[in-house]
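I have placed the structure first, in the form of C-alpha cells, so that the comments after it can refer back to it.
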Amino acid sequence: MTAPSGAVSDRTGLVAAALTALFVPGDRPERFGKAIASGADLVIIDLEDAVAAEAKAAALRAVQAALVPGLKPASRALVRINAAGTPTHDTEVRSVLNIADEPGHGLRGVMLPKAEDPVVVARLATALAAAAGGPLALVLLVESALGVANSLELARVPGVTRLALGAIDLALDLDAEADSPVLDYARAQVVVASRAAGIAAPLDSPSIAIGDLHAVEQSARTGRGFGFSGKLCIHPAQLKPVTVAFSPTEEQLTWARSVVSAGAAAIQVEGQMIDKPVTEKARRILQRAGVSA
C-alpha cells in the first residue's frame, strides 16, 4: 500500500524531533491516558522491562485495545517490544503490524531494546516500512557493549529513525559503575554515530532520580552537552526539568540574537571572534527555541 504523501513526515518526523519520551508500563492501561495527557512529546508503552514475563500477553492485549480505532488513539505512542530472540518478540511484531493495518490507529512506531545486530534491525525496519498507511518509526535502544560497538552500522540501517542510550543496562553489561567514564564514551559513540549516519540526534538514557528534580535537570544538561537532543523519562515529574535543560537559556538566546543580527561581516561580538561555525551555532540555538533568526 502506498503511503499518503504526509504519512512519513507525520509519523517519523514527530519521533525524530521529540525532546521528551515517557515510559508507561504496558500492563497498566489505566495509566496510558495519563501518560498521553502529561505533555510528553512521545509516550513509550513498555512491553519489556516494566512487565513481568507472566503479564506480557495481557499487556500486549491492552496495547492493542488502546491503539485500535474506536478508542481514543494515543497518537504519540511508541511500543517498546521485547528484544529479538526473546519468546514474545515475533508475536509482538506481528501485533504491531496488525495495529498499523487499522485505519486511524494511534501508533507512531516501535522501540527495539538490546539493539546489536544490523541484520536483525534491517529485517524489522523493512517490516515497519511496509506498514499500512505509511512507515512506522523505529528507535533503537543501545544498551550493550556490542550495541555501542555497532552503533554506526545500526544507525545506517534504512528505516532507523533514531538511537537511544540505555545506560543502566549498559553499565550492567560492562560490569561498570553508574558514573564510570566508559558510559561517557558510549554517549559520545551514539551521538557521533547518529550524526555520521544522518539521522536525528539520539535520546539520552533516563535519570533514575524521581524525587530529586535538580538531579534530573543536571543529568539532562549533561546529555545536552554531549549532543543528545532529547531524553527518556520514567516519571511525569521528570518532564519539566528535562525540557528546561534542553531549552536555551535567556543568556544563550541573547548571545545568539546578537551574533545573528551582527551579520556575516562582523569580526567579533562581545569580545568573541565570529566566523561561520559560531554563526551557525547561534542559528541552531534560536531554532531550538522556536525563534526565527
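The length gained on full extension between Val192 and Asp90, counted as 0.36 nm times the residue separation minus their Cα-Cα distance, comes to 33.6 nm.
Exposure proxy shown here: for Val157, Val63, Val190, the number of other Cβ atoms within 10 Å sets the order, fewest to most, as Val157, Val63, Val190. Each residue, Glu30 and Ala129, gets one label point 7 Å from its Cα in the Cβ direction; the gap between the two is 4.3 nm. Across segment 45-58, rounded Karplus estimates of 3J(HN,Hα) from the backbone phi angles (6.51 cos²θ - 1.76 cosθ + 1.60, θ = phi - 60°) give 7, 9, 9, 9, 4, 7, 10, 5, 4, 6, 9, 5, 5, 5 Hz, Gly and Pro being marked x. Across segment 7-247, the mean sequence separation of Cα contacts (distance under 8 Å, 6 or more residues apart), normalised by length, yields a relative contact order of 19 percent. Normalised by the number of residues in segment 30-158, the average gap of Cα pairs under 8 Å and 6 or more apart makes the relative contact order 21 percent. In percent, rounded to a whole number, the relative contact order of segment 120-206 is 31, using alpha-carbon pairs under 8 Å and six or more apart.
Between amide H atoms placed 1.01 Å from N, distances below 5 Å from Ala77 occur with Val43, Arg108, all of them 5 or more places distant or on a separate chain. Across segment 201-213, computed HN-Hα scalar couplings (Karplus, 6.51 cos²θ - 1.76 cosθ + 1.60, θ = phi - 60°) run 4, x, 8, 7, 4, x, 7, 7, 6, 10, x, 9, 6 Hz from first to last residue, x flagging Gly and Pro. Legend: ranking of residues Ile210, Ile234 from fewest to most surrounding C-beta atoms inside 10 Å; resulting order Ile210, Ile234.
Across segment 129-140, rounded Karplus estimates of 3J(HN,Hα) from the backbone phi angles (6.51 cos²θ - 1.76 cosθ + 1.60, θ = phi - 60°) give 5, 8, 4, 4, x, x, x, 8, 5, 10, 10, 9 Hz, Gly and Pro being marked x.
Between Ala137 and Gly109, Val110, the built amide H atoms are under 5 Å apart, and every one of these is 5 or more places off in sequence or on another chain. Counting 0.36 nm for each residue step from Ser75 to Asp117 and taking away their Cα separation leaves a gain of 12.2 nm. The fewest-to-most ranking of Ser229, Ser180 by surrounding Cβ atoms within 10 Å reads Ser180, Ser229. For segment 119-204, GluC sites (Glu not before Pro) are listed when DSSP marks them as loop and at most 11 other Cβ atoms sit within 10 Å of their Cβ; the list is Glu177.
Coordinate-derived values only; no laboratory data. The model shown is predicted, which means the values in this text are computed figures rather than measured ones. As a convention, Cβ positions derive from the backbone with ideal geometry for all residues, glycine included, and neighbour counts pool all protein chains shown.
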